[in-house]
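Below is one structure, written out as structure tokens; the observations come after it.
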Amino acid sequence: MIVVLVYGMDNLLAKTDSNTNNTHSVTKVLIYDGQGVMGSRVEDTLNDSNNQNISVNNTILYNTSSVINSNTLSWYDVLIMPCGEAADYLSNDEIDGNSIKEFVSSGKAYIGICAGAYAGSNYITGQQAGWGGWLLM
């Protein structure tokens with residue numbers, strides 16, 4: 001079973017390229033690729049979206065990082081936490097849950113796929129509490 005948790009989808013296309021006079025927009029996405037990630041195909045999906053113009057008049061620029069904190073998040077509109085091990089995400093010192101909370105609170109988007117959804121939730125049955133609660137604010 002794959003669980004997807006999305007917060008702030010309305011913000012995905014909200015950033016218009018201010019260097020042009022047209023309506024083309026750019027969405028900057030950061031994909032977590034550190035400890036606990038299991039074979040993410042998120043990059044392939046984003047490339048397909050760009051190549052097939054699925055998101056009309058929007059280009060998705062993405063990068064990956066094994067560190068998630070306020071510095072790495074500062075350049076992005078969306079954070080994607082892909083499939084993996086939720087327990088690894090929650091215990092990883094390279095992931096700052098408070099920075100993710102501030103990121104989301106500032107109006108940015110969070111997409112959690114499978115383990116990313118669990119880690120972003122308020123409580124995981126039988127495991128430690130997630131970063132959550134803030135996703136529903």
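The values are calculated or read from the model by the stated rules, or taken from the named source; none is laboratory data. For clarity, every value in this text was computed on a predicted model and none was experimentally measured. Note: ideal-geometry Cβ built from the backbone for every residue, glycine included; neighbour counts use all protein chains shown.
Does the stretch 52-74 contain at least one residue that is modelled with pLDDT under 85 and not in a loop (DSSP other than H, G, I, E, B)?
The answer is yes; a qualifying residue exists.
Would you point out the residue of the stretch 62-74, among those that are touching a helix residue (DSSP H, G or I) at 6+ places or on another chain (Cβ under 9 Å) and among the aliphatic types (A, V, I, L, M), that is nearest to His24 (Cα to Cα)?
Leu73
Taking interchain pairs and intrachain pairs at least six residues apart, which have beta carbon atoms under 9 angstrom, with the first residue in the stretch 25-50 and in a strand (DSSP E or B) and the second among the charged types (D, E, K, R) and crowded, with 20+ Cβ neighbours inside 10 Å?
Taking only residues 6 or more apart or on different chains, the pairs are Val26/Asp77; Thr27/Asp77; Lys28/Asp77; Val29/Asp77; Leu30/Asp77.
Which count do you get for residues in the stretch 51-85 that are in contact (Cβ under 8 Å) with a residue 40 or more places away in the chain and buried (at least 17 other Cβ atoms within 10 Å of the Cβ)?
13
Going through the stretch 75-95 one residue at a time, which ones are touching a helix residue (DSSP H, G or I) at 6+ places or on another chain (Cβ under 7 Å) and not in a strand (DSSP E or B)?
Asp77, Pro82, Cys83, Glu85, Ala86, Tyr89, Leu90
Would the stretch 115-137 turn up any residue that is buried (at least 22 other Cβ atoms within 10 Å of the Cβ), modelled with pLDDT of 90 or more and not in a strand (DSSP E or B)?
no
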